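Visitor: Shown below is the structure under consideration.
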4 protein chains.
Amino acid sequence: MRIAAERFEAMTTSLFDHPLLGQLVGDTEVADLFSLESEFQAIEIFEVSLAQASGKFDLISTDAVKAITEALDKFSPDLKALISSSVQDGLYIPELVAQMRAHVGEPHGQYLHYGATSQDVIDTSLALRLSKILPILERRLASVISVLEAHSIAFSGNRVMARTRMQNAIEIDAGDRIANWIDMLADVQRRLAPVRKAVLRVQLGGAAGTRDRFDGKGTEIADEMGKMLDLNGAGPVWHTNRVGIADLANWLSLVSGALGKIGMDMSLMANGAVAELKFSGGGKSSAMPHKQNPVGAEILVALARYNATQLSAMHQALVHENERSGAAWTLEWLSLPQMIMTTAGALNRADAICRQIQRIGA
Amino acid sequence: MRIAAERFEAMTTSLFDHPLLGQLVGDTEVADLFSLESEFQAIEIFEVSLAQASGKFDLISTDAVKAITEALDKFSPDLKALISSSVQDGLYIPELVAQMRAHVGEPHGQYLHYGATSQDVIDTSLALRLSKILPILERRLASVISVLEAHSIAFSGNRVMARTRMQNAIEIDAGDRIANWIDMLADVQRRLAPVRKAVLRVQLGGAAGTRDRFDGKGTEIADEMGKMLDLNGAGPVWHTNRVGIADLANWLSLVSGALGKIGMDMSLMANGAVAELKFSGGGKSSAMPHKQNPVGAEILVALARYNATQLSAMHQALVHENERSGAAWTLEWLSLPQMIMTTAGALNRADAICRQIQRIGA
Amino acid sequence: MRIAAERFEAMTTSLFDHPLLGQLVGDTEVADLFSLESEFQAIEIFEVSLAQASGKFDLISTDAVKAITEALDKFSPDLKALISSSVQDGLYIPELVAQMRAHVGEPHGQYLHYGATSQDVIDTSLALRLSKILPILERRLASVISVLEAHSIAFSGNRVMARTRMQNAIEIDAGDRIANWIDMLADVQRRLAPVRKAVLRVQLGGAAGTRDRFDGKGTEIADEMGKMLDLNGAGPVWHTNRVGIADLANWLSLVSGALGKIGMDMSLMANGAVAELKFSGGGKSSAMPHKQNPVGAEILVALARYNATQLSAMHQALVHENERSGAAWTLEWLSLPQMIMTTAGALNRADAICRQIQRIGA
Amino acid sequence: MRIAAERFEAMTTSLFDHPLLGQLVGDTEVADLFSLESEFQAIEIFEVSLAQASGKFDLISTDAVKAITEALDKFSPDLKALISSSVQDGLYIPELVAQMRAHVGEPHGQYLHYGATSQDVIDTSLALRLSKILPILERRLASVISVLEAHSIAFSGNRVMARTRMQNAIEIDAGDRIANWIDMLADVQRRLAPVRKAVLRVQLGGAAGTRDRFDGKGTEIADEMGKMLDLNGAGPVWHTNRVGIADLANWLSLVSGALGKIGMDMSLMANGAVAELKFSGGGKSSAMPHKQNPVGAEILVALARYNATQLSAMHQALVHENERSGAAWTLEWLSLPQMIMTTAGALNRADAICRQIQRIGA
């Protein structure tokens, strides 16, 4: 086979980034927020806001703030050096900060990243992206609920067979089953606000999380950054307190789990012998052209089980020894972005298949 | 070896129930709420309150209410029949209801469990026991926090070495490290109220979760039961909406995870080469009489990792197909009680070792 | 309600030990090997064989061997002291050894447990019990396969609907589906021998796993114990090399997973709308007397998902830091016995429901 | 910041594919086998070998074989159509087969993919890539062992402190600790052969796994393909028997788990207060220029815990209902490639840090 050269390199390790299958499980809107571009933008925003807030509290000079702000706008990193430093340092921030400082030049370069540590940059960068991601998830969740509410009105009065322990029980109204789906989703919807509040926070602790190089103004500077970045006020440093992040992971898995239950129900209802639900546009089979596979419903089950598994890694990462655990923190990096993509993708799939429903019950 | 006969049968399958090691990981106070006695008491409370609430709304007669209430007080189940029916039915409630009805006798026996299904009994019984367990956990959490707050005052000013990526970083105040521990615990403490509200609910749905046999008064009856049992008003049936239960599991693992981080820190601090923390009364070794093992600190790590794993099962159980999933529901039964014991035991261990601390930092 | 007093204390924390529901998920034959009696017997066997093997290699005197062997036979431990020492030491072996030595008395008591450490006793005790458990599991697996082979002959020629992606595909022979079930089970059956070989090993390492107090004869003594106990020769100490144990956990979950797939298929086939499989003696419902629930099939799914979760804990426990990890080792204790019970129970359930099959296909 | 446009799109969802951090946790050699190019090559190899084997057994004509073989060599797929069909069908094979058939043209196009189904292509494509990946992992494992063996010789005689329960126990020889590491790795090394044999198998089952369209020659054709592709003979179809795949996942996690134990030990040994191990070239910190972080050792712990988690998903996927489970199969796709990358990366990291060791013990 022959493919255009640039596609040949496309990676398939993560199904979410698979060049062909990616959209089956994920989507492009949230994926964009996990591009290198987004990562770098967030880093720049962190460093500029840190400089400006530090300037406001006279930790660094107005000239330094100006020099840093202007220089970063035109800064172009040496990616190759970032790659080689990543393997040695476990992250590329030390090298990137060195490059940025060199680009700013002296005497102001030394005031870039002043008092901060790599984890401050990375955790705040995560919070900044979550501040864009969570509203997307919230909107999609509301959309799925609203489509189901329309179905509830449309198909109330139709009968479906209640099944308990996989066996026929008694007939119920189609609206009862749909109402149960909506209840689950409304329950997870309600839980978003406190989760969001806890994770959309500036991280600013310095080397050991004690804000030791901010001349006692660390909290004020972090609060000021919070205002600039539309994140919550500083509160205590969360370098090793990962309760908020683990709680977000729980919420992500509650969403995908609730959608997995709905997908499982729909899979069973769409089965030919049951025929309680009719989709338009089911998936094709390479061997059986007559089939109409409710692919999206199954994907919801797969995504639910995947997130239920990843959640365990995020809770293992709570055991974050000492003042910074390279092991536990890297474990978060391996797990959380994929959990976010899972939930984002599940909401997309759920929305799509709910809109493909032509009939529930009879 | 020779042991008194009745101890020979004691089971060691679950470490929490191990006749010798049980208190190492768990405790007796919460364990008592998972005795058969507690289970039966909760079932009786459910059936009596259902009868009384149904009576109030004229679903069953005052005579039936009286007969049921009086008879249950003296009822003694045939355990052998319950055992054999369990394997066949997947639970013992159908057989127990049959026995209770026979004990009440006609004409009133038929009104016991009227309109309810096994899941109503079991889920409400869980909620009743959680209403006793959660305050115990809350009290213990407050106790650990208060011991740590006292240490924070006592040892502030002492120095400890901050360690990032397991390597020495800079010296910090012992109070800074303790403050971080307290922050984590305060974070999980704050999260209890909404979790509790969501799970302390009556379950009353009948065969397929539609309250179909309550003459349209199912919600009122469930609300009335909520008042009697000091549980929340009915709201929607949660037969297959396990979001509340999964969220409780998350909370339990957040608690044990936060304690695991503290235990890990203490293990590392107590190491002879580091010597930043001194416990009284460490554990003995059978081979090295000179050792003082900070056993409780390690147990906290083990319990954190155990709960982080179990949480995955509780989220898998969200995929609760149709109107009742024997598979997902049984998976909850296998996992949730052990998660509760894990958290209860971790709080006990944490409290004990925090009280054994003689010195932090130098 | 009123129940005979001694049953009131029965614990329900672990579903496997639940006084009423235990046999739904487990069984009594394997459970017996997790009684305190079995645990103590195995400990006695370890200490006696250690003494005898040490005597053979002149590490301890013939008189000491005789004194230890005779004394242990009549030894009755002080359970109360074992309980209180467990919490402090993380295990009860140091206290038990002290009691046993006191019972033997001087001058020979000091030669009991000579050169050994607690982990030697506990790991060898596990191996001894596994040497009884694995043949039980093997026998049950063979039994399930043989029942399925009989069904394969009986129902070949009958048609069932192949379902791919939960939708009807093409009709296939009932024998094809059964053959696939048998293939899975035969695959796990084949994998038992190497797993068994790796775990049925004596553990004898002493304080730090270096056999430092055996005068250079540690390997010979361990080999001699292997012959006495019908376990494999010593090989390297496995104090912190838990690959064999983790691999056993994998095998246990492969068995329950394969049975879970079969249970899932049977659940779907038994559904009234599909009616491809007919069981005798299904489970009752407390609300719907007409139902026949294939409870055992669902239990297989629950047990598969439970073990798939526990396996993660056993692999987390591979990270067994230094020469003995109290955290990782305790995590094994929390998880492995339940995994064994899960697989043992799943095989029992599978055998029972396979024998209840009256018809597959039509 | 400004970055060259094409890098802006690079995805960071999966840490393994992160354009900067990828090599920290993974590597490029194994990653190449998860490129779209490798995926398409494997698909082409499958379809050509199927045609040739089918030709040999006269299922399709010699002309058809020739036409298919020649046409596929020059075939260039319409990627855009593959993407849009993926979301609808859950995979892109049906569309790709349609494109390939159109490219071959009639009368021979219909004989491409003759008798096969999408799962045959995808599973065999996985086996083909595993046949290249497993030798890479095997070679790396041997390399790590050999570096450790050299250290064992070099540092035997040096003393290190054995630590049990995280506390100092007794001094041991550095060689004893290294020997234990080697034992673990040798144990997993030994386990590869049977795992490999079981997964390097052709998949050829057709629509429902019954080889129904091969005129009774399905087994012969599959065996012939096995010879062509250097994979094992056909044996039973493994469409829904995922024991081999789950067992591979176990092996991958045993490897990363064993390396995680070694990484944990090294992290603890490299700590300044312990100083039992000295690395050259540790990682930098952005806040503390004096630090030398043993980043690779921590990464090994993170990768071990990640794989221990993913393994659970692969065992959940054993519950592969009916003749093909879109849910369970997609769950494998989400998990297995990342597990492979985890183990491949862990071996790379382990090899690198072992070579950086300058001293163990004193």
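Visitor: Going Cα to Cα from residue D:197, which lysines come in below 17 Å? Please leave out same-chain ones fewer than 8 positions away.
Guide: D:132, D:227
Visitor: Placing a label point 7 Å from Cα toward Cβ, how far apart in nm is residue C:227 from its equivalents in the other copies, listed shortest first to one decimal?
Guide: Ordered by increasing distance: 5.0, 8.0, 8.4 nm.
Visitor: What residue among B:181, B:333, B:238 shows peak mean-square fluctuation when chain B is described by a Gaussian network model with Cα springs under 10 Å?
Guide: B:333
Visitor: Can you give the direction-averaged projected area of the convex hull of the alpha-carbon atoms in chain D, in nm²?
Guide: Its average projected convex-hull area is 21.6 nm².
Visitor: Oh, and also: Can you tell me the orientation of helix A:79-89 relative to chain A, as the angle in degrees between its alpha-carbon axis and the longest Cα principal axis, to the nearest 10?
Guide: Compared with the principal axis, the helix lies near 90 degrees.
Visitor: Name the lysines eligible as straight-distance cross-link partners of residue B:278: C-alpha to C-alpha under 22 Å, and not fewer than 8 places from it in the same chain.
Guide: B:261, B:291
Visitor: For the range D:1-160, what is the accessible area per residue in Å² when the probe is 1.4 Å? Provide the component values of the computation, followed by the final result.
Guide: On the way: 5870 Å² over 160 residues.
With all protein chains present, the range D:1-160 gives 37 Å² per residue.
Visitor: May I ask you to evaluate 6.51 cos²θ - 1.76 cosθ + 1.60, the Karplus curve with θ = phi - 60°, for each residue of the range A:52-63 and list the ³J(HN,Hα) values in order in whole Hz, giving x for glycine and proline?
Guide: Going residue by residue, I get 5, 5, 5, x, 4, 9, 6, 7, 10, 7, 4, 4 Hz, with x marking Gly and Pro.
Visitor: Sticking with this structure for a sec: Step through the residues of the range C:29-41 one at a time and calculate ³J(HN,Hα) from phi using the Karplus curve (6.51 cos²θ - 1.76 cosθ + 1.60, θ = phi - 60°), rounding each to whole Hz and writing x for Gly and Pro.
Guide: 5, 6, 4, 4, 6, 10, 8, 4, 4, 4, 4, 5, 4
Visitor: May I ask you to report, in nm to one decimal and beginning with the shortest, the distances from residue B:272 to the same position in the other copies, taking label points 7 Å along Cα-to-Cβ?
Guide: Computed spacing set for this position: 2.3, 7.1, 7.3 nm.
Visitor: Also, quick follow-up: How long are the three semi-axes of the equivalent ellipsoid of the range D:159-220, in whole Å, if each is the root of 5 times an eigenvalue of the C-alpha gyration tensor, listed from largest down?
Guide: Output for the range D:159-220: semi-axes of 53, 12, 5 Å.
Visitor: Leaving out ligands, DNA and RNA, what percent of the accessible area of chain C is carbon and sulfur, probe 1.4 Å?
Guide: Carbon and sulfur: 50 percent of the exposed surface of chain C.
Visitor: Between 0 and 90 degrees, rounded to the nearest ten: what's the tilt of helix A:243-270 against the longest Cα principal axis of chain A?
Guide: With both axes taken from Cα atoms, the answer is about 20 degrees.
Visitor: Put +1 on the Cβ of each Lys and Arg and -1 on the Cβ of each Asp and Glu in the range A:286-356; which of A:348, A:297, A:310 then has its Cα farthest toward the positive end of the dipole?
Guide: The one lying farthest along the dipole's positive direction is A:297.
Visitor: Can you classify the range D:1-88 as rounded, prolate or oblate using the Cα gyration tensor, where a ≥ b ≥ c are the square roots of its eigenvalues, rounded means a/c under 1.5, and otherwise it's prolate if a/b beats b/c and oblate if not?
Guide: Details: a/c = 3.40, a/b = 2.35, b/c = 1.45.
Note, shape of the range D:1-88 comes out prolate.
Visitor: Something else about it: Let me have the 222 nm mean residue ellipticity of the protein assembly as shown computed from DSSP H runs of 4+ only, each contributing -39500 (n - 2.57), with the sum over all residues rounded to the nearest 500.
Guide: Rounded to the nearest 500, the figure is -20500 deg cm²/dmol.
Visitor: May I pose another question? Residues with amide H under 5 Å of residue D:239's amide H, sequence separation 5 or more or different chain, H placed in the peptide plane at 1.01 Å from N; which?
Guide: Correct list: empty.
Visitor: What net charge is computed for the residues neighbouring residue A:200, neighbours being all others with C-beta under 12 Å from the C-beta of residue A:200, Lys and Arg scored +1, Asp and Glu -1?
Guide: Local charge sum for residue A:200: +3.
Visitor: Where the centroid of each part is defined by its Cα atoms, how far is the range D:81-99 from the range B:213-265 in Å?
Guide: 44 Å
Visitor: Taking amide H atoms as placed 1.01 Å from N in the peptide plane, list the residues 5 or more away in sequence, or in a different chain, whose amide H sits under 5 Å from that of residue A:279.
Guide: Answer set, sorted by chain and number: A:358.
Visitor: Output wanted: per-residue J couplings in Hz (rounded whole) for the range B:183-199, from phi through Karplus 6.51 cos²θ - 1.76 cosθ + 1.60, θ = phi - 60°, x for Gly and Pro.
Guide: 3, 4, 5, 5, 4, 6, 4, 4, 7, 5, 3, x, 5, 4, 4, 6, 9
Visitor: Give, to the nearest whole percent, the P(r) tail of the range D:87-167 beyond 17 angstrom, counting all Cα pairs.
Guide: 71 percent
Visitor: Once you order the gyration tensor axes a ≥ b ≥ c over the Cα atoms, which shape class does the range D:1-159 get: rounded for a/c under 1.5, otherwise prolate or oblate by comparing a/b with b/c? Intermediate values should be presented prior to the final figure.
Guide: Details: a/c = 3.53, a/b = 1.68, b/c = 2.10.
Here the range D:1-159 falls in the oblate category.
Visitor: If you don't mind, there's one more thing I want to ask. Taking amide hydrogens as modeled 1.01 Å from N in the peptide plane, which residues meet the under 5 Å criterion relative to residue A:158, leaving out close sequence neighbours?
Guide: It is A:174, A:175, by chain and number.
Visitor: In square angstrom, what is the accessible area per residue of the range A:265-362 with a 1.4 angstrom probe?
Guide: On a per-residue basis, 19 Å².
Visitor: Tell me whether the protein assembly as shown comes out rounded, prolate or oblate; compute the Cα gyration tensor, take square roots of the eigenvalues as a ≥ b ≥ c, and use a/c under 1.5 as the rounded threshold. Before the final figure, lay out the partial values.
Guide: Values: a/c = 1.21, a/b = 1.04, b/c = 1.17.
Here the protein assembly as shown falls in the rounded category.
Visitor: By how many degrees, between 0 and 90 and to the nearest 10, does the Cα long axis of helix A:326-356 differ from the longest principal axis of chain A?
Guide: That helix lies at roughly 40 degrees to the long axis.
Visitor: How big is the D/A interface in buried accessible area, both sides summed, 1.4 Å probe, to the nearest 100 Å²?
Guide: Heavy-atom accessible area buried at this interface is about 7800 Å².
The values are calculated or read from the model by the stated rules, or taken from the named source; none is laboratory data. This is a predicted model, so every value here is computed, not measured. Note that each Cβ is placed from the backbone with ideal geometry, even for glycine, and that neighbours are counted across all protein chains shown. For accessibility, only protein heavy atoms count, side chains too; no ligands or nucleic acids. Shrake-Rupley method; radii C 1.70, N 1.55, O 1.52, S 1.80 Å.
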